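Values quoted throughout were computed directly from the atomic coordinates according to the rules given, and no laboratory measurement underlies them. Quick caveat, the model's predicted, so the values are computed rather than measured. Note that each Cβ is placed from the backbone with ideal geometry, even for glycine, and that neighbours are counted across all protein chains shown.
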Amino acid sequence: MVNLFPLLLYYSEFAPLILRLVLAAVFIAHGYPKLFKNFPETVAFFESVGIKPAKFWVWVVGLVEFGGGSLLLIGFFVQPVAILISIDMLVAIWKVKYKRGFVDGYEFDLALLAIALSLIFLGAGAYSIDLPF
């Protein structure tokens, strides 16, 4: 295969950085309200979709999203966090979004899952304090 942009290969370590920062921003933004703003509403929602014990799982999901997003931001424990985020997205698709269909349903969660899976395989990339697993 011919590489038309050989200079880009030199900077390929920045690809995971971009993925990591985007995923971090999304999960910090979604995890913060679960833990600090809308905890009772989130518990009620989890119970309504059959995720029990709801309080426990809201704490777990909130910590994975907010705490995991924060770790992704600094590039620490990226692969284990990406595994947890992948599980989070699989459950969200399975329990909530799949029945809505692809468009206006699970397409966003699927994209986040793809980013998380990419980070599992690629690692943290540039500007991280992570060690490869």
*What is the gain in length, in nm to one decimal, between VAL49 and LYS99 on full extension, counting 0.36 nm per residue of separation less the C-alpha to C-alpha distance?*
16.8 nm
*If the convex hull of the alpha-carbon atoms of region 59-133 is projected onto planes in all directions, what is the mean projected area in square nanometres?*
5.0
*Among LYS34/LYS95; LYS37/LYS97; LYS34/LYS99; LYS37/LYS95; LYS52/LYS97, which pairs are too far apart, with a Cα-Cα distance over 20 Å?*
LYS37/LYS97; LYS34/LYS99; LYS37/LYS95
*May I ask you to work out the translational diffusion coefficient for the chain at 20 °C, viscosity 1.002 mPa s, via Stokes-Einstein with Rh from the Kirkwood sum over Cα pairs, reported in whole µm²/s?*
137
*What nm value, rounded to one decimal, do you get for the distance between TRP59 and TYR10 when each label is placed 7 Å out toward the C-beta?*
5.1
*asked:* How many angstrom lie between the Cα centre of region 94-116 and the Cα centre of region 1-75?
replied: 14
*Taking the highest mean first, how do the peptides 15-27, 42-54 order by number of other beta carbon atoms within 10 angstrom per residue?*
15-27, 42-54
*Would you kindly state how much longer the chain becomes between PHE39 and LEU117 on full extension, computed as 0.36 nm times their sequence separation minus their alpha carbon distance, in nm to one decimal?*
25.3 nm
*asked:* At 20 angstrom or more along the helix axis (alpha-carbon based) and mean Kyte-Doolittle of 0.0 or higher, what helices does the chain contain? Whole DSSP H runs only.
replied: 14-32, 78-92, 107-122
